[in-house]
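K.L.:
Please find one structure pasted underneath; my questions will follow.
Every read-out reported here was derived from the displayed coordinates using simple, explicitly stated rules and does not represent laboratory data. Keep in mind that what you see is a predicted model, and the values were worked out from it rather than measured. Quick reminder, even Gly has a Cβ in these numbers, built from the backbone with ideal geometry, and neighbours come from all protein chains shown.
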Amino acid sequence: MDKLRVYSLRKHEILRRKHLISLLFRGGKSAKGEFLRIVYASLEPESQSFQGVPSILFTVGKKTISSAVRRNRVKRMMKEAYRLEKKNIQSDAESRNDGIINGKLCIAFIYMDRKKILPGLEAFRDEIRGLSGGMTFS
């Protein structure tokens, strides 16, 4: 990884393709935390560019948080927490699986909490760190 962009979240890292999203939710593994749910899978990439970089999806349901302003705030906080933990997540996933991840690593972070008070950035970081610590590929 480029030393200057270790803690960045680039546009090509965001998962946007409907086909890959449906494959992720259909065949991915899942883990649930206090207020986040993570769905992850190793999918076959369409192109070989940026293969080492995981594709990420952040989502907050309209039924979970009805206000668009609050939904966007939660997504911004999830993105920031992931951005700060990205280097650890990728190295942990590779070390836990002996450096072998067949295909492209795709991860979806889903906010599930319906409480009025939103968690802080440190709570998001702890939750993301804890959930991504259990990712195994077989």
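K.L.:
Which one, VAL53, MET112, SER42, is farthest towards the positive end of the dipole of the stretch 7-132 when Lys and Arg carry +1 and Asp and Glu -1 on their Cβ?
P.N.:
My answer, from the dipole projection, is MET112.
K.L.:
Which net charge results for the neighbourhood of PHE25, defined as the other residues with beta-carbon distances under 12 angstrom from its beta-carbon, given Lys and Arg at +1 and Asp and Glu at -1? Can you show the working numbers first?
P.N.:
Numbers: positive: LYS18, ARG26, LYS29, ARG37; negative: none.
Local charge sum for PHE25: +4.
K.L.:
Hey, another quick one. Taking the Cα atoms of the stretch 7-132 alone, what are Rg (to one decimal) and Dmax (as a whole number) in Å?
P.N.:
14.3, 43
K.L.:
Provide the gained length on full extension for the span LEU118 to LYS32, in nm with one decimal, where the gain is 0.36 nm per separating residue minus the Cα-Cα distance.
P.N.:
Working: separation 86, 0.36 × 86 = 30.96 nm, distance 1.75 nm.
Going from the current span to full extension adds 29.2 nm.
K.L.:
Going Cα to Cα from LYS75, which lysines come in below 17 Å? Please leave out same-chain ones fewer than 8 positions away.
P.N.:
Here the lysines satisfying the reach criterion relative to LYS75 are LYS11, LYS62, LYS63, LYS86, LYS115, LYS116.
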